[in-house]
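Colleague: Take a look at this one; I'll ask things after.
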Amino acid sequence: MSLKNRVGNFLILGGLIALLIFVATAITPPGDLDVWAFLIGAALVGLGVRFRLDKRGRPTAAPPRPAGPPPGAQPRPAPKGGAKRSGPVRGGAPAGPPPGPPPRPARRGPLATIFKGPAAQKTAPKGPPGGGGGKPPGGGKPRK
């Protein structure tokens with residue numbers, strides 16, 4: 001979360017506190033309205049929402065194009081005959097998966113966890129290999 005989003009969250013919090021003060025003064029018996037609390041609260045909430053929803057790092061211009069061959073460069077013609085080479089082809093794509101660790105699985109958000117329950121755990125079954133062992137179901141002494 002960027003600093004701008006955090007500042008927006010703080011301003012929203014301050015605005016909500018000021019609006020709470022306004023509501024508290026409106027429902028008390030003397031009935032005096034604290035108009036300044038309402039104005040400050042509305043301004044802080046509006047400014048905080050603007051900061052919170054602002055997208056940082058928007059591109060202002062089109063991204064640069066990748067560099068091509070220099071002007072005047074001619075592709076080399078393929079050789080006509082000669083000895084056949086055995087072995088890997090130069091300049092080809094590397095074989096196999098890309099180096100590095102495998103990608104991490106996507107995390108579920110808090111709303112998905114609340115509405116759909118916790119994510120399924122992919123773990124090995126507990127117990128000895130082969131599934132044997134342990135107490136049989138309904139174990140214990142037989143009833144009389």
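Colleague: Looking at A112, A124, which is the one that is surrounded by 10 or more Cβ atoms within 10 Å (Cβ to Cβ) and either modelled with pLDDT under 70 or not in a loop (DSSP other than H, G, I, E, B) (or both)? So that I can check it myself, show each step before the final result.
Modeller: Details: A124 fails: surrounded by 10 or more Cβ atoms within 10 Å (Cβ to Cβ).
Matching residue, one of A112, A124: A112.
Colleague: Can you find even one residue in region 77-99 that is at pLDDT 75 or above and either among the polar types (S, T, N, Q) or not in a helix (DSSP H, G or I) (or both)?
Modeller: Within region 77-99, one or more residues are at pLDDT 75 or above and either among the polar types (S, T, N, Q) or not in a helix (DSSP H, G or I) (or both).
Colleague: List the residue pairs whose Cβ atoms are under 6 Å apart, where the first residue sits in region 12-40 and is in a helix (DSSP H, G or I), the second is surrounded by 13 or more Cβ atoms within 10 Å (Cβ to Cβ) and among the acidic types (D, E), and the two are 6 or more positions apart or on different chains.
Modeller: Filtered contacts from region 12-40: F22/D34; T25/D34.
Colleague: When the residues of region 10-40 are narrowed to those that are loosely packed, with under 14 Cβ neighbours inside 10 Å and of a type outside the set (A, V, I, L, M, F, W, C), which ends up modelled with the highest pLDDT?
Modeller: T28
The values are calculated or read from the model by the stated rules, or taken from the named source; none is laboratory data. A quick note: this is a predicted structure, and the numbers were derived from the prediction, not measured. Note that each Cβ is placed from the backbone with ideal geometry, even for glycine, and that neighbours are counted across all protein chains shown.
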